[in-house]
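Derivation of every value follows stated rules applied to the coordinates shown; laboratory data play no part. Bear in mind the structure is a predicted one, so any value in this text is a computation, not a measurement. Quick reminder, even Gly has a Cβ in these numbers, built from the backbone with ideal geometry, and neighbours come from all protein chains shown.
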Amino acid sequence: MRPINRPIRWGILGTGAIAAAFATALRQVTDATLFAVGSRSQTSADDFAQTHDVGRAFASYAELAADPDVDVVYIASPHTAHFEHTMLCLGAGKHVLCEKPFALNSTQTEQMVALAKHNGLFLMEAMWMRFIPLIIELRRRVDAGEIGQVRMIQADFGFRAPRNPHSRLFNPELAGGALLDLGIYPLAFSALLLGAPTEITSLANIGTTGVDEQSAYVLKHEGGELSVLASALRTQTSMSAWVYGTDGRIHLPKQFWRAKEMVLYRNEMEPESIHLPYAGNGYQFEAQEVVDCLRDGKTESEIMPLRDSESLMGTMDTIRRQWGLTYPNETE
Ligand SMILES: NC(=O)c1ccc[n+]([C@@H]2O[C@H](COP(=O)([O-])OP(=O)(O)OC[C@H]3O[C@@H](n4cnc5c(N)ncnc54)[C@H](OP(=O)(O)O)[C@@H]3O)[C@@H](O)[C@H]2O)c1
């Protein structure tokens, strides 16, 4: 792929909650402009364009994908549409940053990756946690052996949402449930430090709307390391993470996926508090990575490579198979 030697022109597909947050974050990104938005309706596109100062507002996703002046499209539609919309944009020659979960399953993920490779285009899952400064620092310190060898990870992401059967979170038609929305974060956190699991055991509490309202996952890794993880839509959890090593441990006490602080406990030493605050909502870091990759002519991020998205999706496929949970109209 040829490097792009001018500010990168972004298009946003969808006008919901995360699209708005991403548009706000883009203002903090160097060498990037929010150029166009696409919606299923002209009114939503126009409203979004006015609020976020976007020059072009399209009444269909196809028109956004066809705009020859857009370099990269951020896919901000519900999980069930990630595959279709990523394929649409890659097919139209656009680079793509697609929200998590990357797709519904491995079959879809493989097709997305294959099309990006075939067309020589950049593709990345919007796993923004990986680009948060504190998470990068955590990884650096773990790699430097500051807590010895990692032996166990604990992480959870749960909150109590009202059980609205029509909301994205609870609606099986939109692939609702805790796993794909929230469980993906502790699973991605574990994968970041320990890689893919070799064994997976999980349990889910399937609620009245037919999706997992809470679920727990125990993973075993190649060297016998364990990850003890959970997510929930109807239970507030600590949202924290622990990384336990042979010579110490690290605690991310609050919202580990977007953390600004952690505490490092090393055997026989005073605990060390590490603070890496940032301004804004935190989505600017993943967006900056995409921009930097495009300006360098890279088709993949080294921090969030496609093989890691494929692996994460494989883990979630296995977990859902253990529960017998499929979504209506899910294509395999
Ligand atoms: N990274 C994060 O922190 C984070 C946070 C929240 C959500 N997400 C992810 O982002 C995605 C969107 O979440 P969201 O909270 O922004 O959802 P949302 O507020 O419901 O917005 C989704 C948007 O997608 C478009 N859309 C296309 N097909 C749709 C359909 N069949 N039903 C409803 N909307 C449809 C709509 O835009 P138009 O009406 O303009 O077409 C809608 O506004 C999800 O996959 C979620 O996992 C990520």
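Things to note:
- Nearest-0.05 FRET efficiency for ARG6 and GLN236, computed from C-beta distance (R0 45 Å): 0.45
- Entry note: segment 33-136 has Rg to Rh equal to 0.99, where both radii use alpha-carbon atoms and Rh is the Kirkwood radius.
- Considering only THR237, GLY145, THR299, the residue lying farthest towards the positive end of the dipole of the chain is THR237, judged by Cα position with unit charges set on Cβ.
- Segment 8-128 - share of DSSP beta bridges that are antiparallel (%, nearest 5): 0 percent
- DSSP-assigned coil residues among GluC sites (Glu not before Pro) in segment 189-230, each with at most 16 further Cβ atoms within 10 Å: GLU222
- Projected over all directions and averaged, the alpha-carbon convex hull of segment 217-332 occupies 11.4 nm².
- Inter-site label distance for LEU276 and ASP47 at 7 Å from Cα along Cβ, in nm: 3.7 nm
- Fraction of antiparallel bridges per DSSP, the chain only, in percent to nearest 5: 55 percent
- Between helix 42-52 and the chain: long-axis angle, C-alpha atoms, 0 to 90°, nearest 10: 60 degrees
- Using alpha-carbon coordinates, inclination of helix 17-26 to the longest axis of the chain, degrees: 90 degrees
- Sparse-neighbour loop sites [GluC sites (Glu not before Pro); segment 269-313; at most 12 other C-beta within 10 Å; DSSP]: GLU302
- Among THR237, THR107, THR43: highest mean-square fluctuation, GNM of the chain, C-alpha pairs under 10 Å: THR43
- Across GLY91, GLY210, GLY280, mean-square fluctuation computed from a Gaussian network of the chain (C-alpha pairs under 10 Å connected) peaks at GLY280.
- Overall size of segment 109-235 from C-alpha positions, given as principal axis extents largest first: 46, 40, 29 Å.
- To the nearest ten degrees, helix 82-91 and the longest principal axis of the Cα atoms of the chain are 50 degrees apart.
- Spatial separation of Cα centroids for segment 92-111 and segment 36-79, in angstrom: 18 Å
- Loop sites in segment 150-253: chymotrypsin sites (Phe, Trp or Tyr not before Pro), DSSP, at most 15 other Cβ within 10 Å: PHE159
- Extension gain from ILE136 to ALA114, taking 0.36 nm per residue of separation minus the Cα-Cα distance: 5.1 nm
- Highest-MSF residue in the chain out of PRO101, PRO271, PRO172 [GNM, Cα springs under 10 Å]: PRO271
- Cα centroid of segment 290-332 to Cα centroid of segment 141-159, whole Å: 22 Å
- Projected label distance in nm at THR24 and THR107, using a 7 Å step from Cα toward the beta-carbon: 3.9 nm
- Dividing the Cα radius of gyration of segment 106-157 by 2.2 N^0.38 Å, with N the residue count, gives 1.64.
- Binning all Cα-Cα separations of the chain at 20 Å, short to long from zero, yields these whole-percent fractions: 31, 59, 10, 0.
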